[in-house]
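Report on one structure; see the data block that follows.
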Amino acid sequence: MATNAIDQTRRMLSLVTYLRERPGAHVQDVARAFGITEDELISDLDVLPMCGTSFRGGDLLDIDTDGDRIWWHNPDDVAEPLRLAADEATALLVAARAVATLPGLRESDRLALVRATAKLETAAGETGAASSRLSVTFESEGGVFAEVDRAISERRRLWLRYYSPARDELTEREVDPIRLFAVGHTYLEAWCRLSEARRTFRLDRVAEIRLLDDPAAPPELVLRDLSEGLVQPAAEDPEVVIEVGAGGRWVAEYYPHDRAEERPDGGLVITLRTPDPASLRRLALRLGGEGRIVSPPELAESARRAAAEALAAYDGVA
């Protein structure tokens with residue numbers, strides 16, 4: 001059975017108490033006591049030395065193992081009552097309240113977190129009262145995150161009403177979820193039945209969501225490596241050429257591109273690839289006189305029409 005982060009955290013907290021009372025405990029015995037494999041225990045032991053009683057990096061747990069026995073070298077040093085500075089207490093209280101509002105959190109864990117937060121508020125005194133004026137709001141409010149998470153776990157299709165800022169419109173579509181991930185914002189990667197292609201949806205742009213009875217059946221896809229960022233154009237994506245003046249050189253810094261050639265006037269000719277060329281119309285309008293789309297021709301014409309319509313909206317305005 002898969003272990004979630006909350007279960008692992010609970011186990012590791014118990015492991016600290018267990019090891020403190022049993023110096024030199026055998027790996028095999030500890031693993032058996034916690035109902036886990038020896039490899040899982042060693043994995044926990046790799047994490048524990050990065051934990052401690054100070055948020056600023058001191059007083060870390062000094063725990064190691066030779067593969068047979070486990071030794072904790074500073075149990076008395078970290079057993080003293082935790083003393084939080086005002087900024088540490090505030091950060092912890094704000095984070096605890098935010099986590100308690102997350103959809104999908106088990107009710108027993110939510111209640112335990114609420115009780116712990118109340119005790120911390122009391123101990124923090126005036127700092128605890130001041131922290132109540134701060135809050136964190138997660139993008140996944142409204143049940144979107146919970147519905148997506150449920151769809152993934154139950155392998156069911158989703159219906160979405162989704163806002164596309166590039167087209168400034170709401171679209172309705174059915175998608176087969178693949179995974180949730182966070183790169184700055186929280187995203188759903190899914191196979192879109194409308195476009196018959198892999199698409200990425202920002203959760204805070206989902207206007208409405210519904211879990212369907214149809215089973216999700218995305219094609220076999222290789223998951224993208226997101227370590228270099230969300231936008232990673234593929235070789236098969238359409239090519240777009242944009243000319244920018246000196247005031248538009250920032251485009252080369254913000255948009256992944258294949259090449260950027262210098263122009264005599266200090267500008268650039270930027271060649272890039274994107275799965276959705278129409279999304280660059282807004283970029284062309286933003287550039288104004290500092291840039292234009294050169295190709296493909298149909299996209300350049302579309303940008304010209306958009307610019308003309310924007311100018312026409314100002315006709316007759318004093």
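The values are calculated or read from the model by the stated rules, or taken from the named source; none is laboratory data. The structure presented is a predicted model; accordingly, all values stated were derived computationally and were not measured. Neighbour counts are summed over all protein chains in view; Cβ atoms, including those assigned to glycine, are modelled from backbone coordinates with ideal geometry. Side chains are part of the model used for accessible areas, which takes the heavy atoms of the whole protein and leaves out ligands, DNA and RNA. Shrake-Rupley method; radii C 1.70, N 1.55, O 1.52, S 1.80 Å.
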* Residues being more than 18 Å from residue 149 (Cβ to Cβ), at pLDDT 90 or above and open to solvent by less than 70 Å² (accessible area, probe 1.4 Å) - total across region 180-223 -> 3
* Name the pairs whose Cβ atoms lie under 6 Å apart, with the first residue in region 254-283 and hydrophobic (A, V, I, L, M, F, W, C), the second assigned to a loop (DSSP other than H, G, I, E, B) and crowded, with 17+ Cβ neighbours inside 10 Å, and 6 or more positions between them or separate chains? -> 268/249; 270/257; 272/255; 272/257
* Which is modelled with pLDDT under 75, hydroxyl-bearing (Ser, Thr, Tyr) and surrounded by 14 or more Cβ atoms within 10 Å (Cβ to Cβ), of 54, 108? -> 54
